[in-house]
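Colleague: I'd like to ask you about the structure that follows.
The values are calculated or read from the model by the stated rules, or taken from the named source; none is laboratory data. Computed from a prediction, not measured in an experiment: that's the story for all the values here. Backbone-built Cβ (ideal geometry, glycine too); neighbour counts: all protein chains shown.
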Amino acid sequence: MYHDIVSLSNQETVMKRKESGASRWALVGLAVILGSVLAYALLWLKHEPVHAPLKRIEAGMSAPDFGLSSAQGDAYHLAKLKGQVILLSFINSRPLDASLSTPDVSRNQIVFLKSVAQQYASRGVQVLLVDATALAGGEQPDQEALLNFAHNWDMETIPVLMNSETTVREYGISQVPTTLLIAPDGRVTHRWEGFASAAQLAFAVQALVGLPDSSPYPAPTPSSIQEGVNQ
Amino acid sequence: MNQIVVRRIILRRIMPVLCLVAGIVVAIFCMRLRADRVASDTYYVDCSASTDGAGTLDAPWNSLETVNNTEFAPGSQILFKSGTVCSGTLSPKGSGKESNPIIIDRYGNGDKPLIAGNGASNAVYLYNQAYWEIRNLEVTNDSAQASNRRGVYVVAENIGTARYFRLINLEVHHVKGDNTKGQGGSAGIMFEVKGWLKSTKFDDVIIDGCTVYTVDRTGITSDSSWRSRPAIGRKIDTWVGWTNVVIRNNTVYDIGGDGVVVRNTTGALVEYNVVYDANMRSGEYCAGIWPWNSDDTVFQYNEAYRVRTLKDGFGFNVDFGTTGTIFQYNYGHDNEGGFMLICSPSNRTNQDAIIRYNISQNDHIRIFSFHGSTVNTQIYNNTVYIGPGQRVHIVDQEPYGMGDTGSQPVSAYFYNNIIYNAGRAQYVLMRGTTNVFDYNLFYGHPAANEPPDPHKLSDDPLLVDPGSGGAGLGMVGGYQLQAGSPAIGSGMMIEDNGGKDFWGNTVPQDAPPDRGAHQYSATDR
């Protein structure tokens, strides 16, 4: 009987120890599960798309003022740029397909914004890029990444503006690229959603500032045509 | 079953399983984080480091020689420190694999790392390799004396198919080449197939986002020893077309000779490129963007301007050895030699080219210029603006030249184009050529020798706000039509018209389209 009692007591003690050990494991397991859930929740929140646009700024409307810093380290306030023609383009700086086997429209747009900047800089046209990578579903780049982005595209004269969530909402931007042309009086004259071609940009800009500097050579005459072909 | 038993079952049986599942979830999560951070084989290069290390971040390699003596495994990354300069030729060895390429890129912040060839034959050189991505490098190859040299040179020789190359956001400049072109020519970026022993080609090549400037002779080009075929006048057919070649988003300027030339490809895509200030120094016949000895090449959304001289000096060119070339949605302006050249010597091939929905503004001298024996060229729905003071040939036809005086275009078809002539213009057409003009709109000053056009219109096309930019050039909204334009719905139906206009509006297949590059009816009716 004593043996039975002692034995029972030992069994209960062992059982309690086992239960205690299992309880600890259960707590650890629960903590890990909660931790995992929390981590994924945080990641999900990080990738949450920006809030819905407040208002869609169309041609004919006044461009809302903004104050944004560029990745290059300068501050840009639209109000202080009044009197200039501004080409404001919201773009994605991080293609989802890094191998570019799938083309990225923002990359197409950047090429022609650079072309306009090059052709019309002497006419006072300022091209501003606004990073809106979150709209394309990509991870929001930090300043260093955007600075490298500017270097990678050889954009010495084109600021890349960052931390733009409020501006994105105030301009009603829902896709990238979206490009707006702002006249010297602060009025939006054009809004292009998706890719804007060189000709579209050029003709709209010309309407505000005139022709760019063209060939330094005088136009040749037909009589000076020389026969000849390539290859 | 009492509560204690249930509790024991839960604690003994279920909780360990839950713990295991949770552990696996956490492990996968951690592995994902780790995979994002560091690849399996990453080598660091800092050419400003005083000693040559082991290629780690803390002890980077410090010379191209070390890199060049290494054979890299698939999935390797070779990262050059931003803001540093490595002198000589970068020529790493090894090949990647499908979905596991070898990547050259930068680390750190600031200026791209510079590979300075300093007058070597090539600044970056890959030979008989595959599955490479080269990103975010600055590349120069300057010298006091011009010589045969290149910035980036990728060669395949007697190996069959060399597959998967990506050149992304490279800045290639100051390549002091000579005026050699074609095989082994001087260029900023060049892909070339050599050898005669084994039929060889490239497949899956993308050149994207590169800036190429101050280069002699050609900006971006390709060539192959497996190029012989009747289309270029050779009796033996050994031609092997490269496949899946894309040249996209590049800016090319201050180029001695040609801007972008595509050779030996089938189905290549050349889009969203800007070429300007080409043919600056070569003194030869050069153009902005063009194919040679290639089939079914599509050129779209490109801009070419200020291509110099009258040799050839065109923004765009369909050269010989080509079948089925399409130029669509391109914009040429201010090119000294003209907008578009279509050319072929006798006994070569230039056939079935389509030139549609492009815009030419103030291109000089020649808009559509035919040299030699071209066949079945279709030119439709383009909008051409000839500004005040310009004197041009709207269509210009002549022999190929260079001693080939007997050649002339066989057939050319002009439909649905808008020619807005505020300058002086004429047509120079050759007798014996089948030229068909129909449903075009000629507006402005009458051009000399204007050909008959059964459904010609000569009323104002009502382009949006013409003249607002000065002298009729700055047209808000480009060359779009306004309500009431006679161009609306008055064009000729053309089969397989590409399906959209310059602005991306749908062009109907089952109803008369508009004339010119804008399909007003799709969006505004």
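Colleague: Pick out the one residue from B:238, B:180, B:221 that is without any contact (Cβ under 8 Å) to a residue 40 or more places away in the chain, within 14 Å of another protein chain (Cβ to nearest Cβ) and polar (S, T, N, Q).
Modeller: Working: B:238 fails: within 14 Å of another protein chain (Cβ to nearest Cβ); B:221 fails: without any contact (Cβ under 8 Å) to a residue 40 or more places away in the chain.
Just a single option satisfies the conditions, and that option is B:180.
Colleague: Return only the number of the condition from (1) of a type outside the set (A, V, I, L, M); (2) under 28 Å from the mean Cα position of the chain (by Cα); (3) modelled with pLDDT of 95 or more that residue B:439 does not satisfy.
Modeller: Looking at each condition in turn, residue B:439 falls short on (2).
Colleague: Among (1) buried (at least 16 other Cβ atoms within 10 Å of the Cβ); (2) at pLDDT 95 or above, there is one condition residue B:502 misses while meeting the rest; what is its number?
Modeller: (2)
Colleague: If we scan segment B:370-393, do we find a residue that is within 21 Å of residue B:285 (Cα to Cα), within 24 Å of the chain's Cα centre (by Cα) and aromatic (Phe, Trp, Tyr)?
Modeller: Pass one, segment B:370-393, residues within 21 Å of residue B:285 (Cα to Cα): B:370-374, B:392-393.
Among the residues that remain, those that are also within 24 Å of the chain's Cα centre (by Cα) are: B:370-371, B:374.
Filter again for aromatic (Phe, Trp, Tyr), leaving B:370.
Checked segment B:370-393: at least one residue is within 21 Å of residue B:285 (Cα to Cα), within 24 Å of the chain's Cα centre (by Cα) and aromatic (Phe, Trp, Tyr).
Colleague: Inside segment B:40-141, counting only strands (runs of 3 or more DSSP E) that do not spill past its ends, which hold 1 or more residues that are surrounded by fewer than 21 Cβ atoms within 10 Å (Cβ to Cβ), among the polar types (S, T, N, Q) and more than 14 Å from chain A (Cβ to nearest Cβ)?
Modeller: Fully inside segment B:40-141 and qualifying: B:42-45, B:85-87.
Colleague: Can you work out which of the residues in segment B:226-248 that are of a type in the set (Phe, Trp, Tyr) and over 14 Å from residue B:323 (Cα atoms) is farthest from the chain's Cα centre (by Cα)?
Modeller: Going through segment B:226-248, the residues of a type in the set (Phe, Trp, Tyr) turn out to be B:226, B:239, B:242.
Narrowing further to those that are over 14 Å from residue B:323 (Cα atoms): B:226, B:242.
Details: B:226: 21, B:242: 15 Å.
For segment B:226-248, the residue satisfying everything is B:226.
Colleague: Further question on the same structure: Go through segment A:125-136 and report how many residues are modelled with pLDDT of 95 or more and among the small types (Gly, Ala, Ser).
Modeller: Residues that pass the stated criteria total 1.
Rundown of residues vs (1) within 11 Å of residue A:88 (Cα to Cα); (2) basic (Lys, Arg); (3) within 10 Å of chain B (Cβ to nearest Cβ); (4) out of contact with any strand residue (DSSP E or B) (no Cβ under 6 Å at 6 or more places or on another chain), yes/no style:
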| position | (1), (2), (3), (4) |
| --- | --- |
| A:123 | no, yes, no, yes |
| A:159 | yes, no, no, no |
| A:172 | no, no, no, yes |
| A:177 | yes, no, no, no |
| A:191 | yes, yes, no, no |
